[in-house]
Ligand code: SF4
C-alpha cells in the first residue's frame with residue numbers, strides 16, 4: 001500500500017486522524033493533514049482505507 005495526501009485540498013476536518021492516527025496527523029496551526037507514513041504496515045492498512053473513504057475533500061489517495 002502506498003498513501004499520498006494533497007495538502008492543497010485538505011479541509012482540516014480531522015476525519016483521517018480519527019480513523020488512522022498511526023498514519024495521519026494534522027498541523028497544529030491550521031489542521032491540514034500530515035502524512036506520517038506513506039507505507040503503513042498491514043495492521044494499519046484498513047484504518048488508512050477508512051480514512052481515505054471518510055475524507056470529505058478526497059485528499060487521500062491509496063494505491064494498493
Ligand atoms: S480527512 Fe481529509 S480533509 Fe480531513 S484532515 Fe484528513 S485529509 Fe484533510
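Each value in this text was obtained by applying a stated rule to the coordinates, not by laboratory testing. Remember, it's a predicted structure, so these values are computed and weren't measured experimentally. Because the Cβ atoms are built from the backbone with ideal geometry, glycine has one as well, and the counts that use them run over all protein chains shown.
General observations
- Check on residue 56, near the ligand (Cβ under 9 Å from one of its atoms), more than 11 Å from the chain's Cα centre (by Cα) and farther than 14 Å from residue 4 by Cβ: yes
- Test: residue 51 is in a helix (DSSP H, G or I) and more than 10 Å from the ligand (Cβ to nearest atom): no
- Count of segment 14-45 residues which are surrounded by 13 or more Cβ atoms within 10 Å (Cβ to Cβ), more than 9 Å from the ligand (Cβ to nearest atom) and assigned to a helix (DSSP H, G or I): 2
- If you go through segment 1-13 and keep only what is under 9 Å from the mean Cα position of the chain (by Cα) and within 8 Å of the ligand (Cβ to nearest atom), you end up with just 5.
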